[in-house]
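The values are calculated or read from the model by the stated rules, or taken from the named source; none is laboratory data. In this text the structure is predicted, and so the values were computed from the model without any measurement. Methodologically, a virtual Cβ is constructed for each residue, glycine included, from the backbone with ideal geometry; neighbour enumeration extends over all protein chains shown.
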Amino acid sequence: MLGYVSARADSIFAVQGLGTHALALAGSPAQRAHLKAFARGAGIAAFALTEPEAGSDVAAIATRAAPTADGYRLDGDKLFISNLGIADHATVFATTDPALGSAGTTAFWVPLDAPGVTVKPMTAIAAHPIGALELRGVELPASAKIGEVGQGMKLALTTLDAFRVSVGAAAVGMARRALDEALGFVAGRRQFGKTLAEQPLVQAHLADMMVDLDAARLLVLRAAYLKDTTGGRVTTEVSIAKLGATEAAQRVIDRAVQLFGGRGVMAGAIVEHLYRAIRPLRIYEGTSEIQRTIIGRALAQGATKR
Ligand SMILES: Cc1cc2nc3c(=O)[nH]c(=O)nc-3n(C[C@H](O)[C@H](O)[C@H](O)COP(=O)(O)OP(=O)(O)OC[C@H]3O[C@@H](n4cnc5c(N)ncnc54)[C@H](O)[C@@H]3O)c2cc1C
C-alpha cells in the first residue's frame, strides 16, 4: 500500500527496517533498547554495505574496523546508502581483519554525528533520500559492535533475505497503482469514435498488465508466507519474488506509460513518476542479475524445489 500511494514513503519505511534489523537479530540489550524509538520514527536508520569497489560483490568490502584500546576505529567509504541525509544512525559493515575476507566482516551501530563521519547527499532519478558516507578515523566504543566479530556478513544477508520481500511488495504496489491509473485513463480517453477501453489492442495491454501484477503479487505472498512460517532463511524463494515482482512491475508501468500516450511522459504525470520510481528496485538489495545468480546456482545444485 505504501508503494501504491508513495514510493518515497515506501523506501524510507523499508530502509528503517533494513537499517535496524541487525539490532533485532543480534543486538545487545542496550542496542535493542533503541528499537522502540526507531519503530516510532523518533530515530531514522540506514544500512551501509555497498562501497565504491564492492557493489554486487559484497565480500569485497574494504571499510576497516581496526581494534583500539577502547573499541574500534572505522575508515572507509560507503556509496548509494538510502536514508542518508535524514538518518541519524547507520548499521555499517566493516572488516576487522582484511586477511579473513568476508569471515572478518562485522556490523557496527554508528551515530552519524560522530567525529570523522561525513554524509554526502546524492540525487537519484526517483525521489529517494540517498548519499555517500565517508568514515575517517571514526572512534567507536566496543559497545557499538552488533553481534560477534565475523558475524557481519551473515547479519547482512539475513537482513536482505527479509527485506528483498518488501522490495517485491513495493513493486506490486507501484504496479497496481499504474494499472489503476491506466484503467481510469482508457475509460475516459476517446480516439476513433470510442473509448480506448473499448479497443481490443488496449484490452490486450490491460490483460497482460493484470497477469504480470497477479504473478508478482503471488510470488511475494509465497515468499513472505515461507519467511514467516519456516523461521529460517528462504533465500531462493525470496530471490524469485524480488526478481519476478520488480521485473513484472517495470513491464506493467511501461505499458501504463504507453497507454497514456504523450501524457504519460510529461513531467508530473503519475505514471511518469512511477516509471522513474520503479527503476532502482531492479538494482538495489541485489540486482536482477544477482537474483538470477542465486536462483540459478540453487537449481544447478539441486537445492530448490521445482
Ligand atoms: C536507489 C538505490 C538505493 C540503494 N540503497 C542502498 C542501501 O541503502 N545500502 C546499501 O548498502 N546499498 C544500497 N544501494 C546499492 C545497491 O545495492 C548496489 O547499487 C547494487 O548492489 C549493485 O552494485 P553496483 O551499483 O556497484 O553495481 P555493480 O556490482 O558494479 O554491477 C554493475 C552491473 O553488472 C552486473 N553484474 C555484476 N556482477 C555480475 C555477475 N557476476 N554476473 C552478471 N552481472 C553482474 C550487475 O547486475 C549490474 O547490472 C542502493 C542503490 C540504489 C540505486
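Structure above, values below:
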| quantity | calculated |
| --- | --- |
| Residue match in the stretch 137-150 (condition: assigned to a helix (DSSP H, G or I), over 30 Å from V271 (Cβ atoms) and of a type in the set (D, E)) | no |
| Matching residues, the stretch 109-128, being within 11 Å of the ligand (Cβ to nearest atom) and either modelled with pLDDT of 95 or more or surrounded by fewer than 19 Cβ atoms within 10 Å (Cβ to Cβ) (or both) | M122, T123, A124, I125, A126, A127 |
| The stretch 204-229, residues that are touching a residue at least 24 places away in the same chain (Cβ under 8 Å) and more than 19 Å from the chain's Cα centre (by Cα) | H205, L206, D208, M209, M210, D212, L213, A215 |
| Selection within the stretch 208-239 - more than 15 Å from A170 (Cα to Cα), aliphatic (A, V, I, L, M) and buried (at least 21 other Cβ atoms within 10 Å of the Cβ) | M209, V234 |
| Scan of the stretch 283-306 for residues that are touching a Lys or Arg at 6+ places or on another chain (Cβ under 9 Å) and on the phi < 0 side of the Ramachandran plot, ordered by number | S288, Q291, L299, A303 |
| A107 vs. criteria out of contact with any Gly (no Cβ under 7 Å at 6 or more places or on another chain) and closer than 18 Å to E148 by Cα | no |
| Tally, over the stretch 25-58, of residues that are under 24 Å from R233 (Cα atoms) and surrounded by 12 or more Cβ atoms within 10 Å (Cβ to Cβ) | 18 |
| Every residue from the stretch 260-306 that is more than 10 Å from the ligand (Cβ to nearest atom) and among the acidic types (D, E) | E272 |
